[in-house]
Amino acid sequence: MKRNSSHYPRDDPKSKFAALLTPYAYQVVRKQMELADKLKVSETDDDTVSMKTAAGMANVTSTSCTCQFTCINQLPCRHIFAFRKMKKMYLFFETGISRRWTLEFYLNMTMSTPSATLGNTTNNNVTLMKGPVVLSQAQKYRVVFREAQKLATLASEGSTQKYKQRLHVLQKLVQLREEDKEAMVYDMVGKITITHSQC
Ligand SMILES: [Zn+2]
């Protein structure tokens with residue numbers, strides 16, 4: 001797995017996160033670190049502070065936050081980073097990070113998919129054959145998993161109504177796939193209005 005972290009010194013908190021997390025989760029966390037610079041936290045000796053977020057007030061400590069982002073994603077948010085900066089603490093920490101975002105978990109899962117072993121032991125002549133590249137199931141799984149993680153984060157951001165709509169679309173897609181049916185994706189832009197009576 002390639003990552004562009006070589007330009008960070010090894011003890012840079014960014015490098016530490018890059019080594020711990022999947023590339024996608026790392027991008028999300030790095031963005032939160034950058035956003036933390038825009039937050040102003042008044043100095044205090046308290047272990048918990050209250051911070052204003054898009055969805056109301058959140059209680060923030062050096063490793064936890066009650067904001068929507070952290071509750072749903074279980075990744076460090078801008079508030080925690082802002083708090084740690086105010087306290088002059090090292091920005092890297094692992095507490096509260098969901099295992100599903102870690103490289104270790106991701107690699108274990110891709111290694112243990114049923115056909116991963118098959119993919120590795122099939123003949124070595126594959127590379128000599130001309131024509132389209134044949135991906136093993138484990139390789140396909142890896143690509144799909146990465147996209148699915150993005151979907152999970154994107155669907156969990158924003159308003160509750162948006163989350164419900166997005167979740168509904170994902171559940172419908174899963175249902176169709178289970179029935180081995182194909183689905184089309186349309187861009188819902190412009191004047192189209194969707195009504196969700198069940199939301
Ligand atoms: Zn937060």
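The values are calculated or read from the model by the stated rules, or taken from the named source; none is laboratory data. Since the structure is predicted, the reported quantities are computational estimates derived from the model, not experimental observations. Methodologically, a virtual Cβ is constructed for each residue, glycine included, from the backbone with ideal geometry; neighbour enumeration extends over all protein chains shown. For the accessible areas, the whole protein counts, side chains as well, though only heavy atoms, and no ligand, DNA or RNA atoms are used. Shrake-Rupley method; radii C 1.70, N 1.55, O 1.52, S 1.80 Å.
Just a few scattered comments:
- Within segment 16-63, tally of residues that are without any contact (Cβ under 8 Å) to a residue 12 or more places away in the chain, under 25 Å from Val144 (Cα atoms) and either within 16 Å of the ligand (Cβ to nearest atom) or open to solvent by less than 40 Å² (accessible area, probe 1.4 Å) (or both): 1
- Selection from segment 18-34 of residues that are within 11 Å of the chain's Cα centre (by Cα) and hydrophobic (A, V, I, L, M, F, W, C): Leu21, Ala25, Val28, Val29
- Per this entry, Gln139 is not counted among residues that are modelled with pLDDT of 75 or more and touching a His at 6+ places or on another chain (Cβ under 7 Å).
- Sub-8 Å Cβ pairs linking a first residue in segment 172-198 that is outside any loop (DSSP other than H, G, I, E, B) to a second residue that is modelled with pLDDT of 70 or more and open to solvent by less than 100 Å² (accessible area, probe 1.4 Å), at least 6 apart or interchain, are Lys172/Ala183; Leu173/Ala183; Leu176/Ala183; Arg177/Ala183, ordered by first then second residue.
- All positions within segment 71-90 that are within 7 Å of the ligand (Cβ to nearest atom) and open to solvent by 20 Å² or more (accessible area, probe 1.4 Å): Arg78
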